[in-house]
1. Could you check B:ILE295 against (1) in contact with a strand residue (DSSP E or B) (Cβ under 7 Å, 6 or more places away or on another chain); (2) modelled with pLDDT of 95 or more and say which number it fails?
2. For region B:357-401, enumerate the residues that are assigned to a strand (DSSP E or B) and either in contact with a helix residue (DSSP H, G or I) (Cβ under 8 Å, 6 or more places away or on another chain) or farther than 23 Å from B:SER141 by Cβ (or both).
3. Would you check which residues across region B:1-51 are touching a Leu at 6+ places or on another chain (Cβ under 6 Å) and more than 27 Å from B:ASN307 (Cα to Cα) and list them?
4. From the set of residues in region A:64-82 that are in contact (Cβ under 8 Å) with a residue 60 or more places away in the chain and not basic (Lys, Arg), which is farthest from the other protein chains (Cβ to nearest Cβ)?
5. Could you list, in sequence order, all residues of region B:315-348 that are outside any loop (DSSP other than H, G, I, E, B), hydrophobic (A, V, I, L, M, F, W, C) and crowded, with 21+ Cβ neighbours inside 10 Å?
6. Looking at B:VAL353, B:VAL399, can you tell me which residue is closer than 12 Å to B:LEU311 by Cβ, in contact (Cβ under 8 Å) with a residue 60 or more places away in the chain and not charged (D, E, K, R)?
7. I need every pair where a residue in region A:27-44 that is within 11 Å of another protein chain (Cβ to nearest Cβ) has its Cβ under 8 Å from the Cβ of a residue that is outside any loop (DSSP other than H, G, I, E, B) and of a type in the set (D, E, K, R), sequence separation at least 6 or different chains.
8. Return yes when B:PRO20 is farther than 29 Å from B:PRO282 by Cα and of a type outside the set (Ser, Thr, Tyr) and no when it is not.
Amino acid sequence: MTPSTTEIFDQVSELIAPFNQKSVPIKPETTFATDLELDSLSVMDMLAAIEDHFDVTVPLNILPDLETVGQVAEAIKDILDE
Amino acid sequence: MTTDLFEKFDSTLNEYNKLPEGELNPFTVSMDAVISPTEAIINGRKTILAGTNNYMGMTYNEECLKAAHEALSSFGTGTTGSRVLNGTYNGHKKLEETLKDFYGVDHAIVFSTGYQANLGVIATLAGSKDYVVIDADSHASIYDGCAMGNATVVRFTHNDPENLERRLARIRKKDPEAGILVVIEGVYSMLGDQAPIKELAEASKKHDAFVLVDEAHSVGVFGQTGRGVAQEQGVEHLVDFTVGTFSKSVGTVGGYCVSNHPKFEALRLVCRPYVFTASLPPSVVASANKALELIKDSNLRVKLLENSMRLNSGLANAGFNMGTTGESPIAAIIINDKDTAVAYWQNMMQEGVYVNLAVPPATPNGLYLMRCSLSAAHTLEQIDYMLEKFIAIGKKLNVLD
């Protein structure tokens with residue numbers, strides 16, 4: 001059984017911690033560019049960590065649609081459910 | 001109210017506008033006159049060119065100049081057409097024969113720039129059901145080739161065969177039949193590091209993936225006959241597609257892809273960056289052809305790497321934090337912050353040395369670099385002059401103790 005979106009969100013939040021240099025509180029609506037101030041390369045590095053943790057492929061193509069932490073959790077959920 | 005299309009560039013412009021105008025701006029350099037492959041007049045000052053990727057110094061080679069002049073007189077200034085219409089001259093076909101001979105392969109296609117070669121080959125080969133797997137530190141032309149195509153794009157950690165293999169295994173588990181193209185570079189241009197092609201290609205072959213190696217910064221520089229890093233490492237049999245450029249070692253402009261794939265010529269029909277653009281001017285084609293012939297039999301690469309090692313080891317011995325080792329033609333000093341990097345660049349210019357100020361996103365890991373690309377045409381005196389100025393300015397700006 002695949003984990004719930006909430007469980008995935010909690011795990012994603014932990015994976016984001018090393019990139020969250022200003023210790024911004026992580027909520028589903030937290031954005032990578034504005035709230036966490038991550039550049040596109042940092043976002044890609046973060047995504048690689050998430051890929052390895054969940055053992056999934058997150059194509060770079062969907063990156064423009066992933067603006068918030070919640071959207072990433074939902075994308076992982078979708079990929080795991082496939 | 002409508003939105004100004006340029007509004008999204010405001011933050012970029014704001015950053016740019018903080019830079020000084022005129023000769024102190026690192027992004028508006030203009031060459032008033034070029035004296036040789038290694039010297040130009042910039043802002044009225046005689047300047048050593050230490051950041052032009054002119055690795056072999058071919059831009060003023062007499063045989064190349066002669067070939068270009070002859071082609072210019074015989075065939076005119078341009079072809080005014082696509083390779084598949086009126087833009088293929090004898091010279092273009094001859095250049096492709098020269099490339100086939102240079103690489104010992106069955107097929108060669110010439111593009112109008114190296115950027116377009118990557119754009120065209122990657123975007124065309126990997127279709128909507130396929131995957132492109134690229135090194136995280138890939139050149140913009142590789143990222144743009146991915147963006148132009150319809151394939152699923154996956155990134156692996158720079159030069160990490162184990163990380164690549166893990167990603168390929170995941171793709172194969174999900175999609176056993178998919179076509180996969182793995183894209184790597186022979187030499188990465190910012191820090192001059194080589195790809196471990198053998199390990200990366202073996203991981204790729206294990207999962208039935210094709211391998212493309214971009215040798216833009218390594219053709220002419222590495223390998224017994226200058227074919228690049230795959231030849232140097234003895235692993236050309238593991239490489240399916242080699243992309244390269246004429247704008248560095250070859251001393252002009254243009255790009256190419258070579259391959260032994262039996263259906264490779266199909267690209268001439270379906271690759272849009274090949275079809276929908278004008279072909280290279282005859283003079284460019286002629287000088288590229290001559291330069292490739294010269295590179296194959298020359299030992300300029302020995303002199304080039306000696307030059308690079310002299311500058312790299314001199315800088316390292318002086319105590320700089322180096323991004324490079326001297327095993328490629330690149331010498332890059334890591335500077336801690338942007339303001340110091342800009343000031344360093346300005347001071348070098350005022351002392352008559354042009355280097356590249358390399359900043360993110362062109363650089364990996366958000367680095368600020370004073371980047372030099374050496375040339376076989378640099379004299380030892382020029383290198384020692386660069387070294388002297390790098391050290392003096394390093395002390396002045398407290399980059400060195």
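1. The number of the failed condition is (1).
2. B:LEU357, B:TYR368, B:LEU369, B:MET370, B:CYS372
3. B:ASN25
4. Filtering first and then ranking leaves A:GLY70.
5. Matches in region B:315-348: B:LEU315, B:ILE330, B:ALA331, B:ALA332, B:ILE333, B:ILE335, B:ALA341, B:TRP345, B:MET348.
6. The match here is B:VAL353.
7. Qualifying pairs under 8 Å: A:MET44/B:ARG155.
8. yes
The values are calculated or read from the model by the stated rules, or taken from the named source; none is laboratory data. Just so it is clear, the structure is predicted and the values come from calculations on it, not from any experiment. Here the Cβ is made from the backbone with ideal geometry for all residues, glycine too, and neighbour counts use every protein chain on show.
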